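This report refers to the structure that appears directly beneath it.
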Amino acid sequence: MAYRATALLALSGLASLSNAKPIHPKSSAASSSWSGSSHTTSSSWSDPSHSTSSSYQSFPTQVASSKNLLLSNGFPNLSPAALSDVNNAAHGTLSNASAGNVTLSNASAGNVTFPADSLTNFQLVAFNEFFEVAFFTSLLTNITTGVPGFEIPTHLNSTFILDTLIAVQAQEELHAINANTKLPVPLSTCEYKFPTTKFDDAIALAATFTDVVLGTLQDIATIFATNGNAGVVRGVAATIGQEGEQNGFYRAIRNKIPSAQPFLTASARDFAFSALNQNFVVEGSCDISSIPLKVFDVLTLNTPTIGLGDQTISLSFDISGFHGSAEDLQFVLISGQNVPIVQDLKNVKQDGKIVTFDADFLQQTDLLFGLTLGAVVRKGGPLATVNQVANAAVFGPALIEVA
């Protein structure tokens with residue numbers, strides 16, 4: 001798989017800290033140096049002398065007695081008082097506006113008729129947002145309880161970082177509620193695992209899965225519009241913008257320019273659903289049978305670091321479940337809003353059931369910045385769009401991040 005796990009941090013092991021306070025910033029001044037710039041830029045996340053105080057200094061935490069996601073404020077089933085607290089923490093509310101006969105948020109799906117494919121959109125969004133709530137809850141708890149490796153670097157303003165993450169956690173709670181309340185049968189939460197043991201790696205992981213979300217919401221908006229549910233597209237677009245703001249933050253504190261590409265990489269629902277189940281959801285902890293999306297077999301990215309410049313990368317997969325041979329397969333890269341890059345598998349080697357192959361990753365030639373999706377697909381079908389690639393995919397996605 002694309003994420004190389006070094007440890008699994010299950011939420012079931014976290015203590016409940018509903019009154020945890022953000023760490024105070026260091027007293028010494030510091031500044032952030034932007035990559036490729038000859039000058040130093042001082043900012044609220046890098047300058048401890050700038051303190052941004054939040055009016056919501058606590059955050060809901062995982063209930064220790066529950067393996068599946070359940071927060072101390074009752075999430076995913078919030079009382080009116082708890083929802084008010086989440087709104088305050090999120091710096092805003094669920095929408096009460098109407099688009100045609102569809103209330104954009106906090107509406108009962110029983111009052112609205114959505115086609116099955118549109119309901120699948122809501123299922124995927126809720127499924128993903130539950131994971132994101134779990135991730136940021138785990139990250140905040142690890143930071144505020146002093147778990148080794150999760151110390152906020154001293155050159156960053158810890159108060160600002162924590163205020164931001166607390167707001168993000170609350171915003172993801174609202175995203176989840178917004179989608180789950182549209183479903184005739186709401187989804188239940190799962191148990192989750194996270195492959196990071198350090199603050200920097202957790203922020204990098206947040207940037208990667210947010211990139212996948214940004215690509216997948218493009219697919220979701222298109223499906224809604226095609227299905228005649230244009231009234232909810234405005235809300236999807238608002239969420240895309242919000243997630244983009246988040247990702248600019250994750251990139252900036254890692255000394256990357258906030259905007260990775262002029263047009264962000266497209267994705268498809270099956271790729272997002274596969275990535276979530278392959279990397280984060282504890283298998284068997286929740287019933288996913290009602291979600292009519294594919295979970296592809298894992299495509300492992302073996303090359304540990306992919307930087308700037310044209311290069312060859314190595315990938316592998318377990319072929320035991322595929323009815324055919326490696327000769328029946330091709331490798332595809334998806335970047336930006338461009339036509340997918342299709343190539344044959346190179347230097348194919350098979351050791352038992354594991355197939356290893358090389359592929360060209362022409363980062364400089366093709367300007368592959370930000371997220372690039374990789375997939376191994378069946379030969380013979382059309383591969384001109386991301387959805388055609390997803391339809392033909394057998395293994396994937398590999399999630400490749402560059403600059």
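Can you tell me which residue among 251, 234 is assigned to a helix (DSSP H, G or I), surrounded by 20 or more Cβ atoms within 10 Å (Cβ to Cβ) and either touching a strand residue (DSSP E or B) at 6+ places or on another chain (Cβ under 6 Å) or among the basic types (Lys, Arg) (or both)?
251
For a quick check of your reading: which strands (runs of 3 or more DSSP E) sit entirely within segment 283-353 and have at least 3 residues that are surrounded by fewer than 16 Cβ atoms within 10 Å (Cβ to Cβ) and free of Cβ contacts under 8 Å to residues at least 24 places away in the same chain?
346-351
Say we look at segment 254-273 and pick out the residues that are of a type in the set (A, V, I, L, M, F, W, C) and surrounded by fewer than 21 Cβ atoms within 10 Å (Cβ to Cβ); which of these is farthest from residue 121 (Cα to Cα)?
Among residues in segment 254-273 that are of a type in the set (A, V, I, L, M, F, W, C) and surrounded by fewer than 21 Cβ atoms within 10 Å (Cβ to Cβ), the one farthest from residue 121 (Cα to Cα) is 257.
Please go through segment 336-366 and give me each residue that is closer than 19 Å to residue 296 by Cβ and among the hydroxyl-bearing types (Ser, Thr, Tyr), ordered by number.
Within segment 336-366, just 356 meets the criteria.
Can you tell me which residue is surrounded by the fewest Cβ atoms within 10 Å (Cβ to Cβ) among those in segment 391-403 that are in contact with a Phe, Trp or Tyr (Cβ under 6 Å, 6 or more places away or on another chain) and of a type in the set (Gly, Ala, Ser)?
Among residues in segment 391-403 that are in contact with a Phe, Trp or Tyr (Cβ under 6 Å, 6 or more places away or on another chain) and of a type in the set (Gly, Ala, Ser), the one surrounded by the fewest Cβ atoms within 10 Å (Cβ to Cβ) is 403.
Condition check ((1) crowded, with 21+ Cβ neighbours inside 10 Å; (2) part of a helix (DSSP H, G or I)) across all residues:
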residue: 127; (1), (2): yes, yes
residue: 132; (1), (2): yes, yes
residue: 138; (1), (2): yes, yes
residue: 182; (1), (2): yes, no
residue: 188; (1), (2): no, no
residue: 195; (1), (2): no, no
residue: 200; (1), (2): no, yes
residue: 206; (1), (2): yes, yes
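Could you check residue 172 against (1) closer than 16 Å to residue 76 by Cα; (2) surrounded by fewer than 22 Cβ atoms within 10 Å (Cβ to Cβ); (3) not aromatic (Phe, Trp, Tyr) and say which number it fails?
(2)
With respect to residue 93, is the statement that it is under 29 Å from residue 59 (Cα atoms), under 23 Å from the mean Cα position of the chain (by Cα) and at pLDDT 80 or above true?
yes
The values are calculated or read from the model by the stated rules, or taken from the named source; none is laboratory data. Bear in mind that the values here come from a model prediction, so they are computed numbers and not experimental data. FYI the Cβ positions are ideal-geometry reconstructions off the backbone, even for glycines, and counts take in every protein chain you see.
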